[in-house]
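Heads up: the structure comes next, in structure tokens.
The values are calculated or read from the model by the stated rules, or taken from the named source; none is laboratory data. This structure is a prediction, so every number in the text was calculated from the model and none was measured. Here Cβ is always computed from backbone atoms with ideal geometry, including for glycine, and neighbour counts include all displayed protein chains. Each accessible area value is taken on the protein alone, full model and side chains, heavy atoms only, with ligands, DNA and RNA left out. Shrake-Rupley method; radii C 1.70, N 1.55, O 1.52, S 1.80 Å.
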Amino acid sequence: MVGASVDREELLRRARELVPALRERARATEEGCRVPEESVREIVAAGLVRAGTPRRFGGYDVEFETVHEMTMELARACASTAWCFQLWALHCYWMGFWPLEAQEEVFADGPDMLSASVQLSVSCDYERMPGGYRLSGRGRFASGSDPSQWLFALGVGAEGPLQFLVPRAHFAVLDGTWDVAGLCGSGSKDVVVQDAFIPSHRVIRPAPPIDFAPEGPLPYDQHRQRRYSVPLSAIQGWDFPAVAIGAAQGAYDEIVRRMHGTKGSVRAADSPVIQAQIAQSAVELDVARTLLHRDLEDCQGKGERGETLAPVEYARYMADKAYAHELAVGVVNRMYALGGGRSLSRNDPLQRAHRDAHATAHPGPIGQFPMASQPYGRSLLGLDPREVNFWTGPALG
């Protein structure tokens, strides 16, 4: 089953068409602590998730950055919805690295596979059995889990960390476990897996979350798409910055709309200070997007040419992701301040963009430039980028 021919511009057009409805539902999405069913249906009906699905299973043969571009469009209206969409599409891309039997099983019902991912960090127990594993556990932060048909569950046990692919029949989503300040509508709830049998083809040993010299076979020959010509760690990680950039763009658009050609006793558009802040924000958003496109083109181009990425390149990609994220959050902060007292209203989109952009910084080092930039700084100084403890600084000794 090969995907239909749909290009980048068509997918971006479809994403933009969803923006007004997502903006209208943004507050209800927050208050419901999940992406509304109608939003999920519209995203699936538009075929947006298929941009992440391997072509052989009905996905669209577009560059992977198209997923991030659509995410930025959706996040202009609702960062929570964009966050879930991007993870759904990213997980479809992940599936290309799994055994073919698992891929065929997951995409048996079509290319629009929705899934969540979680680390079973609250509790986890697994044991090997004939033909697979028996798994139980509980984890937090399973974004977009309510409509998800599958769960990527990372568990740690006697054999070390293992990644389990769990069908919906074997995991439960716990309501009332997601009450937060930002990305409220992402529905990143706790999930529980109870005594589930997971066959061996749906269990893999995952690569480290941050790997500056990954090894192992790549599935390019299986899929013949550029995204599979390089290790997963070279591409993933742009999901957090992309949501922040989109939220920042939405906040920027809102302030420009309010102040454009301002007349009356308060002529904000005539202020040189405001002009400088608007110009700075526009440039910073351009820089953040440019870093995303440059790095993805760089790594995939090298993969296609059969070149091996060096540790310094993984380190640079990581620093770029964090810097793009920092730029986006800075723009949101600036727009929130320019909004004045109006920004404090629960009905104002600026306060939501402000909270959501900051929430995207919390999942890991990508949201913290001083941490994420350490490996690249070490590389530039002739040191090994892998010898870093992200919480206490460079390893000693």
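The test for being of a type in the set (A, V, I, L, M) and touching an Asp or Glu at 6+ places or on another chain (Cβ under 8 Å) does not hold for L285.
Hey, among the residues in the stretch 179-220 that are open to solvent by 30 Å² or more (accessible area, probe 1.4 Å) and under 17 Å from A116 (Cα atoms), which one's farthest from the chain's Cα centre (by Cα)? Among those that are open to solvent by 30 Å² or more (accessible area, probe 1.4 Å) and under 17 Å from A116 (Cα atoms), it is Q194. Taking first residues from the stretch 354-368 that are open to solvent by 50 Å² or more (accessible area, probe 1.4 Å) and partners that are at pLDDT below 95 and in a helix (DSSP H, G or I), the Cβ contacts under 9 Å between residues at least 6 apart in sequence or on separate chains come to H358/G367; P363/F240. Only a single item in (1) free of Cβ contacts under 8 Å to residues at least 60 places away in the same chain; (2) closer than 30 Å to A247 by Cα; (3) open to solvent by less than 30 Å² (accessible area, probe 1.4 Å) is not met by A116, and it is number (1).
Within the stretch 240-251, can one find any residue that is at pLDDT 95 or above, within 24 Å of L74 (Cα to Cα), of a type in the set (S, T, N, Q) and buried (at least 20 other Cβ atoms within 10 Å of the Cβ)? Checking the stretch 240-251: at least one residue is at pLDDT 95 or above, within 24 Å of L74 (Cα to Cα), of a type in the set (S, T, N, Q) and buried (at least 20 other Cβ atoms within 10 Å of the Cβ).
With respect to the conditions (1) closer than 30 Å to G185 by Cα; (2) out of contact with any Pro (no Cβ under 7 Å at 6 or more places or on another chain); (3) touching a residue at least 60 places away in the same chain (Cβ under 8 Å), M318 lacks only one, and its number is (2).
D61 meets each of the listed conditions (1) in contact with a Gly (Cβ under 7 Å, 6 or more places away or on another chain); (2) open to solvent by less than 70 Å² (accessible area, probe 1.4 Å) apart from (2).
Here the helices (runs of 4 or more DSSP H) wholly within the stretch 292-397 that include at least 1 residues being closer than 20 Å to G246 by Cα and among the β-branched types (V, I, T) are 311-338.
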